[in-house]
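Chemist: For reference, the structure I am asking about is given below.
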Amino acid sequence: MASFVIYDYIVFCLTIVVSLGIGVYYAFAGQKTTSDYLVGGRQMKVLPVAVSLMVSFESSIMMLGFPAETYKYGMMFWLSNFGFLVSCLLATRMVVPLVHPLKITSINEYYELRYKSRHVRLLNLAIGCINYILYMGIVLFGPGIALESVTNFPMWASTLVVAVAAVIYTSIGGIKAVIWTDVFQSVVMLMGIFAILIKGTMVAGGVSKVYEYNKNTGRLDMFNFDPDPTIRHTFWTLVVGGCIRMVGLNIGQTTIQRVVSTPTQKDANRVLYLAGPAFFLTLSLATLEGAVAYGFFSSLGCDPLKSKQISNPNQVVPFMVLKIFEELPGMSGLFMASLFSASLSTLSSGLSSLSALAIEDIVKPNFRTLSEKSITLIAKISVVIVGALCVGISFLIAKIKGPMSQITTSVLSAFGGPASGLFLFSVFCPWGNAKGAIIGTLLTAVIGMWITSGQNFSPTLKRTPELPPGPTDKCFDVPTLGNATFNITDTPLDLTSSWTDFYSNYMETTTESVATSYQRPQGLDRFYSLSYQWLTGFLMIVSLILCSTVSIIVGRPDPATVDVRYMLPFFDQFFPFLPQKIRKKLYGGVPFELREEMLQKMNVWNYEKSIEDTDVTVKLMDETKDGQSDTKTELSPLTRTASNTDNFNSQSVNVQMSNSSRENGLG
């Protein structure tokens, strides 16, 4: 078996060092307030934020799971990429116009404002934290098994390397370090992907050969329009179900934090307009890697999974990388660097998001007298604690079999579905109340955990059969992962005879098992057979029904009293072509026509209050410094949060104002 050489280690280590260097730089530059640390002072540029958002969800799950999915089940999975594209466009209609005007940092702040209830805020905080920690645990698991497959480096050790690196530069550098390391890591990631696609295709015999190998085994059969939701992959499950599933990504803290880090609402929309197509492109490239990998191993006549050279489908691509770059020192290190970069970007984004949640939802509401310096220190400590939890989860995730793409979707749907349902219910259902939101969401989470457990651990559930593996007629001295040597003969592969023999043997041995796999599931297995792509959408519908039912039973609020600043009119957002008179009737008595006016009044009041508080702070500083004042003034913790006597909800205000600006009339 080929392995890393010194040049591979140099390239790999350089990536980690540069990422840490960016974190160190931002630890000493641009971190004057907690707002700088968490949301970049809300002044981040569109392009780096869009790139950061893109790579935040393109981790080892994409680099390993997407190729593994294609390798085992074919290119049909590519259709799910449309979900990422469409979900970003939907977010410009239901996320940006809601959260950006509110100037919030945590998505959970919104729930307290919406329901006037801290309990709803804490409920979503708990669900969001569990969801993020599980997600980051899966992300950590990927590089571990990849590095183990190419260097025999223990999975637990490589997991710690990724976790420690991400924790260091995230904790010291904040969101600015996260965003700019994401930009750097995206370049490394794309270099690795293109290197694999180009070299792998060349070694396999060209595009025509890769196409032939995949077509002959049904891997290019992409369109199945069967409406049965229990079929693992169809056009409907991947396109429609995948789109609904991806909505959850854009209501998470990672996306919210980037949306509010931009200075204007137009900038936030531009971020999503750029991130959507970028999502689609990079995910498509990752899917193609699986097809190239299948063509490569078929051209060698030795399928590594069937011949037991590797034990996990997520190891297919790193195993291929060692073979195709065996004579190019440093290229294997580039791939591992790209894989670790993808995971570091996701992990750092998650750590930064959970740090923001800890500060905004736990620390600030309960410890109002803490200084900015103390709050920022707590935020950094929370990054370390969450990182340790993610390492523990990654070891548990390693026990679940299957491509990482399926593991991720199935495991996270149990919490992502209820969270997505709660968001849609809160934004578009004016009849909702706090009791309905809490009870409905808890019941949905219980249902989600039950279904997910059954899908992953039911011993009687019939699994979808895989497509035919590659041939193994050219394998000799077949080792197991990490042992012996790997020998492949130089004899050219006779395509006609090899595929004829392969198919005759394959059909004889698998026809009976395939027929058994498609027998109708019995009992609870019929329920567990719901495609993992539909699970989030199913739970969202359950959440909307349960939350609405409980809200109506306990007593829905008077539509005229609904605070429309924290809701969006559904028909205005998605059917703006309807005449205004018709849309107003569809409001159901809710005064959505006053929403813009109320938001403007709220922002004007916040601005005036911030000016007043800044004047007071400046005067105090003048007195303490014998009349000498700094060029910038930072609000104290006691003046950051203001309460409105006109019954407006309190809003967090972070203002920096120069004395010269005050002299020019802004005060």
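Per-residue answers, yes or no, for (1) without any contact (Cβ under 8 Å) to a residue 60 or more places away in the chain; (2) of a type outside the set (G, A, S); (3) buried (at least 24 other Cβ atoms within 10 Å of the Cβ):
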{"site": "R245", "(1), (2), (3)": "no, yes, yes"}
{"site": "Q265", "(1), (2), (3)": "no, yes, no"}
{"site": "V271", "(1), (2), (3)": "no, yes, yes"}
{"site": "A291", "(1), (2), (3)": "no, no, yes"}
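Chemist: Please verify whether segment 578-592 includes one or more residues that are under 29 Å from the mean Cα position of the chain (by Cα) and open to solvent by less than 50 Å² (accessible area, probe 1.4 Å).
Modeler: No, because not a single residue in segment 578-592 is under 29 Å from the mean Cα position of the chain (by Cα) and open to solvent by less than 50 Å² (accessible area, probe 1.4 Å).
Chemist: What single numbered condition from (1) under 26 Å from L102 (Cα atoms); (2) modelled with pLDDT under 85; (3) open to solvent by 20 Å² or more (accessible area, probe 1.4 Å) fails to hold for T230?
Modeler: (1)
Chemist: For F297, are the conditions met, namely being aromatic (F, W, Y), in a helix (DSSP H, G or I) and buried (at least 22 other Cβ atoms within 10 Å of the Cβ)? So that I can check it myself, show each step before the final result.
Modeler: Values: aromatic (F, W, Y): yes; in a helix (DSSP H, G or I): yes; buried (at least 22 other Cβ atoms within 10 Å of the Cβ): yes.
Yes; evaluated as a whole, the condition is true for this residue.
Chemist: Has segment 357-365 got any residue that is surrounded by 24 or more Cβ atoms within 10 Å (Cβ to Cβ) and either free of Cβ contacts under 8 Å to residues at least 12 places away in the same chain or of a type in the set (A, V, I, L, M) (or both)?
Modeler: Yes; the residues of segment 357-365 include at least one that is surrounded by 24 or more Cβ atoms within 10 Å (Cβ to Cβ) and either free of Cβ contacts under 8 Å to residues at least 12 places away in the same chain or of a type in the set (A, V, I, L, M) (or both).
Chemist: Given the conditions (1) open to solvent by 20 Å² or more (accessible area, probe 1.4 Å); (2) modelled with pLDDT of 85 or more; (3) out of contact with any helix residue (DSSP H, G or I) (no Cβ under 6 Å at 6 or more places or on another chain), report the number of the one that L47 does not fulfil.
Modeler: Exception for L47: condition (2).
Chemist: Further question on the same structure: Give me the pairs: first residue in segment 274-289 and at negative phi, second residue of a type outside the set (A, V, I, L, M, F, W, C) and assigned to a helix (DSSP H, G or I), beta-carbon distance under 6 Å, and six or more apart or on different chains, which are they?
Modeler: Correct list of pairs: F280/N81; L283/N81; S284/N81; T287/T70; E289/P67.
Chemist: F66 passes all but one of (1) within 24 Å of E466 (Cα to Cα); (2) in contact with an Asp or Glu (Cβ under 8 Å, 6 or more places away or on another chain); (3) open to solvent by less than 10 Å² (accessible area, probe 1.4 Å); which number fails?
Modeler: (3)
Chemist: Every residue in segment 300-326 that is open to solvent by 10 Å² or more (accessible area, probe 1.4 Å) and either modelled with pLDDT of 90 or more or within 30 Å of the chain's Cα centre (by Cα) (or both), please.
Modeler: L305, S311, N312, P313
Chemist: Give segment 95-112 a look and list any residue that's surrounded by 20 or more Cβ atoms within 10 Å (Cβ to Cβ) and part of a helix (DSSP H, G or I), or say none.
Modeler: If the condition is that a residue be surrounded by 20 or more Cβ atoms within 10 Å (Cβ to Cβ) and part of a helix (DSSP H, G or I), then V96, L98, V99, I107, N108, E109, Y110, Y111, E112 are the ones that fit.
Chemist: Here is a follow-up. Count, please, the residues in segment 76-90 that happen to be out of contact with any Cys (no Cβ under 6 Å at 6 or more places or on another chain) and open to solvent by 20 Å² or more (accessible area, probe 1.4 Å).
Modeler: 6
The values are calculated or read from the model by the stated rules, or taken from the named source; none is laboratory data. Not measured: the values here are computed from a predicted model. Methodologically, a virtual Cβ is constructed for each residue, glycine included, from the backbone with ideal geometry; neighbour enumeration extends over all protein chains shown. Ligands, DNA and RNA are excluded from the accessible area calculation, which covers all protein heavy atoms including side chains. Shrake-Rupley method; radii C 1.70, N 1.55, O 1.52, S 1.80 Å.
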